[in-house]
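The values are calculated or read from the model by the stated rules, or taken from the named source; none is laboratory data. In this text the structure is predicted, and so the values were computed from the model without any measurement. All Cβ positions, even for glycine, are placed from backbone atoms using ideal geometry, and neighbour counts span all protein chains on display. The protein model used for the area step is the full one, side chains on, heavy atoms only, and it has no ligands, DNA or RNA in it. Shrake-Rupley method; radii C 1.70, N 1.55, O 1.52, S 1.80 Å.
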Amino acid sequence: MFSKGTSIQRKLMRVIMVTSGAVLLLTCLAYFAYEVLTFRQAMVRQLTVLGEIIATNSTAALAFESRSDAEEILAALKAERHIVAASLYDKDGKLFSRYPSDLSVNMFPTAPGDESYRFENFHLVGFQPVVQGNKRLGTLYMKSDYGAMYDRLQLYGGIALLVIAISSLLAYVLSKRLQHGITKPILALTQTAKVISNRGDYSVRVVKLAEDELGVLTDAINQMLSQIEDQNLALSESSARVHAVLNSALSAVILMDAAGLITDWNGRAEEIFGWTREEAVGRSLAETIIPENFRVAHQNGLKHFLKTGEGPVINKLIELSALRKNGSEFPIELSISSLKTGNVLAFCGFVTDITKRKQAEAEILSLNQNLEQKVRERTDQLENNIIQLNESEEQLKKSNELFSKLFNLNPAAILISRLDNAKVVKVNEAFLSFFGFSSSEEVLGKTARELNIVAHPEQREELAQLLKENNVVKDFEINAYTKQGKMFWISTSILIIELENIPCLFSISIDISNRKGIEEQVRAANKELEAFSYSVSHDLRAPLRSIHSYINILYEEYAEKLDEEAKRLINIVMNNSKKMGQLIDDLLAFSRLGRRELTMTAVNMNSVVATIWEDVARLNEGNNLKLMLSNLPDAKADNAAITQVWTNLISNAVKYSRNKEHPIIEIGHFDNEGTTVYFVRDNGAGFDMRYYDKLFGVFQRLHSSKEFEGTGVGLAIVHRIVSRHGGRVWAESKIQEGTTFYFSINGET
Amino acid sequence: MSVLKKTIAHRYFKVSLLACSTILFSAQTQIAREYQIKAVFLFNFAQFVEWPTTSFQETNAIVIGVLGDDPFGTYLDEAVRGEEVNGHPLVVQRYRHINDIKACHILFINAAETRQQVLASLKPKSILTVSDADNFTKQGGMILFFTENKKTRIRINLNATKDANLTISSKLLRLAEIVGPQKN
């Protein structure tokens with residue numbers, strides 16, 4: 001009666017309409033049936049009455065045999081159009097007259113029949129006696145059709161239809177109005193339910209519109225929604241927890257339904273197989289991760305399990321090959337368990353990628369094989385070695401003897417002491433004779449300190465420090481005491497060796513007293529020389545100054561008496577005396593250098609160079625001089641001395657490049673095997689490297705005074721200062737291209 | 001007078017016909033049939049006419065009288081034999097003279113009779129007078145038999161019947177020709 005999608009509003013409407021329609025229809029039908037029944041009776045009655053009238057009227061006609069009159073009387077039936085035929089029979093039963101008169105005689109009964117009315121062939125027919133008083137005069141025959149009834153029924157049908165139509169309309173209008181009370185809350189419920197199911201929003205509540213059963217339903221739904229909301233919350237928390245667990249699981253977790261389709265796929269599964277969860281869910285597990293040659297077996301296994309509930313792989317840890325998205329196969333460890341929730345069967349697979357384990361196993365296997373191979377080889381080698389060992393023992397013996405000879409016969413003093421407690425383990429003959437001991441027993445088991453062989457404790461500390469830093473000390477010169485208290489110089493080298501598995505200090509020393517004595521003599525001679533040249537220079541200055549003064553006076557007092565030649569000559573004398581004064585000053589400065597003590601401090605090279613450059617720049621304004629200066633590291637040096645070095649080198653560079661159109665002076669440094677090398681480079685005149693030897697000599701000049709003024713002391717001073725700093729100075733040059741001076745200083749000296 | 005002569009002639013003719021029945025059988029039968037119908041009609045009048053109750057003081061029966069010669073032979077007797085109308089048995093009486101008439105309800109007057117005298121004498125009595133004589137109704141007679149298209153028809157003088165206190169059924173009236181009474 002209703003399609004599944006018919007709304008309640010329509011259903012209700014239809015119920016009302018169909019019900020009221022059915023009631024109306026039944027009522028009408030009953031009425032019709034009643035009508036038909038009663039109408040037949042009424043028809044018979046009417047016809048009988050009509051017959052009576054006709055019969056009564058036609059008595060005279062029959063009595064006096066007046067056919068025309070009889071026909072006239074029958075013709076009156078014309079007024080009743082449903083009478084299709086009528087006839088009169090005389091008392092002898094002969095047809096007397098008929099109606100309609102033009103109707104064939106054959107259409108009428110030949111003789112009167114039963115005197116009653118009956119329905120025949122959709123007509124009501126019958127005979128009635130024609131009686132006057134109690135005298136039978138004849139018989140009347142009448143035949144009527146159902147037309148009247150049809151007319152009546154037609155009328156009734158029309159009325160019924162009208163009634164049904166109006167009633168339906170009324171029912172429609174009324175039901176439409178009245179059903180609001182029912183459908184409105186239901187529609188509201190439906191609307192809300194749609195909203196809830198579309199949006200999945202269970203926080204929506206249905207508005208209660210009535211206090212009837214629908215109101216109760218609304219309350220119940222609202223309560224249900226609250227419960228669903230609570231449950232959803234709990235469910236989503238629980239599911240989030242499960243998902244978190246699944247996604248953080250180290251194994252891939254795969255859920256599969258009974259049809260073999262993937263229903264869940266955790267993060268680890270995404271990593272291992274390369275399928276994202278969105279891609280994997282809904283796919284067939286077999287086609288996703290099982291290599292083609294195992295698929296049939298997997299599907300058969302699944303069918304077998306679904307049929308019997310038994311599976312060889314269920315709840316067991318199995319190893320097999322699996323397929324990645326990119327088609328590569330790899331080994332996995334898999335355990336499958338079946339989950340039955342309600343009537344739904346599902347499978348949960350835990351998958352671990354065991355590629356690495358397999359590789360490790362393979363590696364271990366191959367390592368084991370290698371090891372076995374090596375053990376075999378080793379065994380063979382050892383066998384060989386044992387043979388060789390016998391030979392080498394022999395050699396060792398010889399070597400030991402050699403060592404022993406070398407040790408004992410060595411002219412250098414050798415001392416071996418333990419590293420841990422500094423006690424002497426072994427000394428040689430030379431040691432004993434150097435230090436004045438009579439036998440090794442005096443020395444062995446004692447420390448060097450106890451033996452008191454090192455003259456200055458600070459030297460010992462220094463030695464120990466060096467040893468600690470470098471593990472080895474070479475040619476360290478110290479003062480030593482003999483047993484008898486005589487001091488002498490030794491040069492000692494110490495290294496750490498292992499003697500019979502004990503770490504020991506091996507020191508070997510030679511007596512350098514003779515060399516030290518010679519050095520001392522040279523130093524004394526130099527000092528004398530310097531003192532001499534200083535005093536000479538100093539003494540030379542006094543007469544030179546008086547020469548210079550007097551020639552000056554001469555020039556100024558007697559200028560007008562002197563001719564030009566005399567003036568020229570006097571000028572030459574003055575210049576040369578000035579030059580000589582300069583030479584003496586330089587010489588004094590140079591010799592002073594040798595005598596002065598150096599005070600080592602940390603020198604900021606940048607500020608030193610900057611100060612010098614300021615002066616140089618001021619003196620050479622307009623020379624278009626360009627300086628390229630890079631940042632210089634500090635150095636440990638004598639500030640005044642190193643300032644002199646920079647001054648001389650920079651002045652030199654400026655001097656020899658001043659003839660250039662664009663003189664450029666570059667000052668910088670570089671690192672050479674841990675030593676800082678500073679340099680000053682110019683693009684000036686340069687020099688011939690063939691005369692390099694003369695470069696740093698005192699009063700040695702590679703250019704004439706006419707070309708470039710100077711005394712030839714500057715570079716000698718540089719050389720001397722750098723040497724005294726334990727450093728080195730050198731140069732590279734090309735004629736007309738420029739010169740570079742390099743120097744390094746060893747801050748420790 | 002011509003009617004009388006005609007009737008007489010007719011009568012003679014009829015008699016002669018009867019005498020010569022073997023020769024003129026068909027004509028004789030024709031006349032016989034006519035009176036047979038008229039006899040039945042006389043009886044039928046009893047059914048469609050109502051008499052005042054005083055008419056049945058002397059006798060309960062409805063008396064059909066024939067004045068003068070009886071033209072019906074046995075037909076009239078046959079027609080009324082065993083019949084009764086509204087509880088009144090039917091009796092046929094034949095009168096030769098007007099004075100013979102005592103209790104009578106329907107009186108057929110032979111055309112040969114001097115009707116004006118007869119009718120005058122019968123006037124106060126409730127007797128339905130019937131005849132087949134021409135001008136019978138004009139003379140004050142009540143019902144006249146006449147022949148039209150070979151069929152016997154009836155003419156009724158309603159004034160006469162009213163004067164005689166007789167009620168004639170409308171059914172009978174619709175079959176008959178109605179005429180007013182002839183005032184002399």
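Worth pointing out:
- FRET efficiency, 1/(1 + (r/R0)^6) with R0 60 Å, evaluated for residue A:19 and residue B:151 via beta carbons: 0.25
- The alpha carbon convex hull volume per residue for the range B:34-179 rounds to 100 Å³.
- Cα-based convex hull, the range A:9-172, per residue volume (Å³, whole number): 124
- Accessible area per residue (1.4 Å probe, heavy atoms of protein chains only) ranks A:183, B:54 as B:54, A:183, with the largest value leading.
- Computed over the alpha-carbon pairs of the range A:410-511, the distance histogram in 10 Å steps reads 16, 54, 28, 1 percent, short to long.
- Look at the dipole of the range A:9-172 built from charges on Cβ: of A:169, A:156, A:70, the Cα furthest out on the positive end belongs to A:169.
- Across the range B:34-179, the mean sequence separation of Cα contacts (distance under 8 Å, 6 or more residues apart), normalised by length, yields a relative contact order of 23 percent.
- Sorted into 10 angstrom bins from 0, the C-alpha pair distances of the range A:518-588 split as 19, 34, 22, 14, 8, 4, 0 percent.
- Evaluated at q = 0.17, 0.22 Å⁻¹: base-10 log I(q)/I(0), Debye formula over Cα of the range A:1-83: -0.81, -1.00
- For chain A, relative contact order (Cα pairs under 8 Å, six or more residues apart, normalised by length) works out to 5 percent.
- Accessible surface of the range A:484-626 [probe 1.4 Å, protein heavy atoms]: carbon and sulfur percent: 56
- Looking at chain A, the pairs of alpha carbons with a distance over 37 Å make up 78% of the total.
- For the pair residue A:384 and residue A:361, a Förster radius of 30 Å applied to the C-beta separation gives a FRET efficiency near 0.30, rounded to the nearest 0.05.
- Relative contact order (percent, whole number), the range A:156-231, Cα cutoff 8 Å, 6+ residue spacing: 24
- Förster-model FRET efficiency, 22 Å R0, residue B:169 and residue A:91, C-beta, rounded to 0.05: 0.75
- Cross-link reach is defined here as a Cα-Cα straight distance under 17 Å, omitting same-chain residues fewer than 8 places apart; for residue A:303 the lysines meeting it are A:340.
- Taking label positions 7 Å along the Cα-Cβ direction at both residue A:564 and residue A:228, the computed distance is 13.2 nm, reported to one decimal.
- In order along the range A:676-683, the Karplus-derived 3J(HN,Hα) couplings, from 6.51 cos²θ - 1.76 cosθ + 1.60 at θ = phi - 60°, round to 7, 10, 9, 9, 10, 10, 10, 10 Hz, and Gly and Pro are given as x.
- Measuring only protein heavy atoms, the 1.4 Å probe finds residue A:592 accessible over about 110 Å².
- For the range A:597-744, the Kirkwood hydrodynamic radius comes to 15.6 Å, computed from all pairs of different C-alpha atoms.
- Pairwise burial B:A, computed as accessible area of each alone minus the pair, summed, 1.4 Å, Å²: 1300
- Only Lys, Arg (+1) and Asp, Glu (-1) charged, at Cβ; the range A:317-413 dipole about Cα centre in debye: 500
- With helices as the sole contributors, chain A gives -18000 deg cm²/dmol at 222 nm; each DSSP H run of n ≥ 4 counts as -39500 (n - 2.57), and the sum is divided by every residue.
- Of the three principal axes defined by the Cα atoms of the range A:406-454, the extents in descending order read 27, 20, 19 Å.
- Label point 7 Å beyond Cα of residue A:299 along Cβ direction - residues of the range A:254-268 with amide nitrogen under 19 Å: A:256-263
- Excluding same-chain neighbours fewer than eight residues apart, the lysines reachable from residue A:527 by a Cα-Cα span under 30 Å are A:474, A:486, A:516, A:578, A:579, A:636, A:694.
- Placing a pseudo-label 7 Å from each Cα along the Cα-to-Cβ vector at residue B:112 and residue A:115 gives an inter-label distance of 4.4 nm.
- Here's the picture: a label point sits 7 Å out from the Cα of residue A:279 along the beta-carbon direction, and within the range A:326-342 the residues with their amide nitrogen under 15 Å of it are A:326-329.
- 0 to 90° range, to nearest 10: angle between helix A:605-619 axis and chain A longest Cα axis: 70
- Compared with the direct C-alpha span, the chain from residue A:469 to residue A:484 gains 2.1 nm at full extension, assuming 0.36 nm per residue.
- In the range B:146-176, comparing the full protein assembly with the chain on its own, the residues that lose 30 Å² or more of accessible surface at a 1.4 Å probe are B:151, B:171, B:174, B:175.
- Inter-site label distance for residue A:49 and residue A:72 at 7 Å from Cα along Cβ, in nm: 2.6
- Average accessible area per residue (Å²) across the range A:337-389 - probe 1.4 Å, nucleic acids and ligands excluded: 80
- Gain on full stretching of the segment that runs from residue A:271 to residue A:735 - 0.36 nm per residue minus C-alpha separation: 159.7 nm
- Loop-located chymotrypsin sites (Phe, Trp or Tyr not before Pro) in the range A:88-197, at most 10 other Cβ atoms within 10 Å (DSSP): A:122
- Folded to 0 to 90 degrees: helix A:457-470 orientation relative to chain A principal axis, Cα: 40
- Taking amide H atoms as placed 1.01 Å from N in the peptide plane, the amide H of residue A:713 lies under 5 Å from those of A:699, each 5 or more residues away in sequence or on another chain.
- Accessible heavy-atom area order of A:689, A:107, A:256, highest first, probe of 1.4 Å: A:107, A:689, A:256
- Taking each residue as 0.36 nm, the span from residue A:26 to residue A:166 lengthens on full extension beyond its C-alpha to C-alpha distance by 48.8 nm.
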